[in-house]
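Taking it in order: structure first as structure tokens, then the write-up.
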Amino acid sequence: MLNSNLGFASIMLLAGIGIPILAALNSSLGTRIGSPITAAAILFTIAVGGAWVIAAIAGFPGLSAVASAPKHLLLAGLLVLFYVLSITIIAPKFGVGNAVFFVLLGQIVSATLIDHFGLFGAAMTQISLTRMLGLGLMVAGIGLTRLT
């Protein structure tokens with residue numbers, strides 16, 4: 001099941017569920033300790049430790065090929081840093097729901113462009129009228145949930 005569309009969708013659903021929880025927990029930690037930057041550093045320390053443990057269990061696949069990878073691919077780490085710092089700082093002031101919904105809006109826009117142009121090696125999925133309508137409904141839904 002894990003190597004099927006249903007398995008992939010289930011894992012990504014769990015990841016999606018985790019994003020607002022991550023935002024709430026880390027922004028609360030930042031507020032409690034008085035430093036969202038230190039809270040982010042703690043989060044990354046735990047995440048890096050966990051990632052290295054999993055990599056070690058898997059036998060460090062791909063580690064030897066990192067040096068030959070295009071350097072722009074490593075910028076993903078800075079994007080994660082930006083997300084975690086911004087959600088940790090902004091969520092207590094703006095609300096977790098508002099912060100995550102705007103993140104979701106940004107994800108919809110960037111994912112559509114990445115798929116349409118096949119950026120960064122992604123499979124190309126052209127923007128069709130049907131897809132645009134679906135994306136429009138998603139954006140409208142985000143807007144409607146924030147009006148209350």
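The values are calculated or read from the model by the stated rules, or taken from the named source; none is laboratory data. Values in this document were obtained by computation on a predicted structure and should not be read as measured data. Cβ coordinates were reconstructed from backbone atoms using ideal geometry, including for glycine residues, and neighbour counts include every protein chain displayed.
Every residue, every condition in (1) assigned to a helix (DSSP H, G or I); (2) at pLDDT 95 or above, yes or no:
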residue	(1), (2)
2	no, no
9	yes, no
17	yes, no
32	yes, yes
39	yes, yes
50	yes, yes
55	yes, yes
99	yes, no
114	yes, yes
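Restricted to the range 1-43, and to residues there that are of a type in the set (S, T, N, Q), more than 15 Å from the chain's Cα centre (by Cα) and closer than 20 Å to residue 81 by Cβ, the residue that is surrounded by the most Cβ atoms within 10 Å (Cβ to Cβ) is 27.
Residues that are aliphatic (A, V, I, L, M) and either touching a strand residue (DSSP E or B) at 6+ places or on another chain (Cβ under 6 Å) or in contact (Cβ under 8 Å) with a residue 24 or more places away in the chain (or both) within the range 30-79 comprise 37, 39, 40, 43, 73, listed in sequence order.
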